[in-house]
Every structure is written in structure tokens, then in C-alpha cells.
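The values are calculated or read from the model by the stated rules, or taken from the named source; none is laboratory data. If you're wondering where the values come from, they're calculated on a predicted model, not measured in any experiment. Positions of Cβ are generated from backbone atoms using ideal geometry, with glycine treated the same way; all protein chains shown enter the neighbour counts.
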Amino acid sequence: MAEKRSEKIKRLQKQNQENQRKYTKKREAEEKKANQLIHGLVQKIDAEPKNYHHYYDLATLLVEGKDYEQAEELLMKALGIFESADKIVKDTLKFGLGNVYYAAEEYDKAIKTFQEIDDEKLQAEAYIMLAQSYMAKGDNKRAMVFALSAQSTHRKDPTVNQMIGDNLLALGNFSQAADFYDQVLKTEPQNGKANFNRGLVAMVNGEPFDDYFKKAKQFDPTFYQKGQQKLQDIEKFVQINRKKKGPDDQSDHS
């Protein structure tokens, strides 16, 4: 018996070592590819120092590699180089810098940077990032203002509509949240997060909700698992409201 257990442990150890080797090999290959891309962009900057796109692209790569400090340094340097350039150039670099701060979870710095962008082409994107930054800080009222500003030019954008739905849900405006999640699900029926949150709203509004949760579990099992605490909180909320209103009152709870 002990011998069998020992063999099983050895097999598991061997399998773990093999998995670790594969993972290390894959990670090394990814790092090599990223380094090659970075090296290529550095060469492009050297060859064309007045092309702002190269600085933006390199900073984006550095953010992907979580090298936030170097990405910030690069874009600050670029903003100095292009100080006298057109607004679109400076605002593009500022947008990149805002993304660096957002990725690094420095939301106050991100907000300050995105608020400086007023080029028409980039403004709606800046509003989206401002909304996401305020959501990350838990300030849903301010997030809502910027999400609605973004929606004025991105009316059918599922990302924007989902963001508005999420803010309305957080603020307790369940009926309105339902409308925005429905718009998202028209475009993206396999959106697990939107299905899950639409299910929460349906629970509160006294609508059938099982189907939404089934789809959420199918299309985004990770988010479904993470949302279990929220689901329990909503169930408690519904039960408390039922007791307050009485069994005959089926009115909306928004």
C-alpha cells in the first residue's frame, strides 16, 4: 500500500515538474517575443525620433509587460519632445500616459491626465477611461457622468452600455440598469458578466432570472464564481424587501 502511494507521489511530482518546464518554456518564449518587439520599436524611435506613434506603441508594450515606471518615463519624455506639436499628438501621448496610470492602479493620476484631453477624436475614449477610473475608486456617481458622456457618441457600444448598467446597479437603479444590460445582450448574447448582472437585476425586479445565471456560468465561469457574494447580498435584499412590502406587493424595487 505504502509502495503504491510512493509511486503515485513520484508520478505526480514528475508531472508537476513537466508542467513547470512547459510553463517556463512558454513564458521565456513570450518574454523573448516581447523583447524583440521592444527592441524593434526602440530602433524605430532612433530612426524616426519625430514620429510620436512609436513612443505610444512602445509605452503600450511596456504596460503589457507591467513595466509602468519605464512607460511613464518614456511618455513624459515624449511629451517634452512634442511640446510644440499639434493637439492630437499631445493628447494621444497623454491618453497613453493615462492608460499607464490606470494599469498601475494610480487612479487619481489617471483621472487628472484623462481630464486634460479635449481633442474631439479622443475625448469619448477619455470619457470611457475616466468612467472606469472612477468605478475603480468606487465613485459610481462620477463614473456615471462620464459613462453617459461617452454614450452620446457611442450609443450602441456594448462596453459603454455595460459600464452604465454596472453603475446603475451599484447605485440601486435596477430598472434602468436592466434596459442597458438588455442593449448589451442584444449585441453580445454570450457576455457572461452582462448575463450575470442582468440576472441580479431580474431577481430584484421580480422577473425570471435562472436563464441569465445559466448563461453567465456557461460563458464566464470565473466571473460567475466571483459574483456569488453579490448574488447572496441581492437575495438578502430581495427577502428583506419582501418582508417589508408583504407577499401581495409585487411592485418594482428600484
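Residue-level check: of (1) over 27 Å from Glu120 (Cβ atoms); (2) more than 25 Å from the chain's Cα centre (by Cα), Leu79 misses just (1). Answer yes if at least one residue in segment 182-199 is within 25 Å of Gly98 (Cβ to Cβ), in contact with a Leu (Cβ under 8 Å, 6 or more places away or on another chain), surrounded by 24 or more Cβ atoms within 10 Å (Cβ to Cβ) and not assigned by TED's automatic domain parsing to the domain that holds Phe95, and no otherwise. Among the residues of segment 182-199, not one is within 25 Å of Gly98 (Cβ to Cβ), in contact with a Leu (Cβ under 8 Å, 6 or more places away or on another chain), surrounded by 24 or more Cβ atoms within 10 Å (Cβ to Cβ) and not assigned by TED's automatic domain parsing to the domain that holds Phe95, which makes the answer no.
In segment 1-112, counting only helices (runs of 4 or more DSSP H) that sit wholly within it, the ones holding 3 or more residues that are small (Gly, Ala, Ser) and surrounded by 14 or more Cβ atoms within 10 Å (Cβ to Cβ) span 87-103. If you filter segment 212-254 down to residues that are over 24 Å from Lys186 (Cβ atoms) and of a type in the set (Gly, Ala, Ser), you find that the one that is modelled with the highest pLDDT is Gly246. Checking Ala143, Ala110 one by one, the residue that is in contact with a helix residue (DSSP H, G or I) (Cβ under 8 Å, 6 or more places away or on another chain) and either acidic (Asp, Glu) or in contact (Cβ under 8 Å) with a residue 24 or more places away in the chain (or both) is Ala143 and no other. Per the listing Asp119, Asp179, the residue uniquely of a type in the set (Asp, Glu) and in contact with an Asp or Glu (Cβ under 9 Å, 6 or more places away or on another chain) is Asp119.
Filtering segment 110-128 to residues that are among the β-branched types (Val, Ile, Thr) and over 13 Å from Lys94 (Cβ atoms) leaves only Ile128.
Annotation note: Cβ proximity below 8 Å between a residue of segment 179-194 that is without any contact (Cβ under 8 Å) to a residue 60 or more places away in the chain and a residue that is hydroxyl-bearing (Ser, Thr, Tyr) (sequence gap 6+ or interchain) occurs for Gly192/Tyr224; Ala194/Tyr181. Hey, among Ala202, Ala177, Ala131, which residue is within 23 Å of Ala110 (Cα to Cα) and not assigned by TED's automatic domain parsing to the domain that holds Thr92? Just one listed residue meets the conditions, Ala131.
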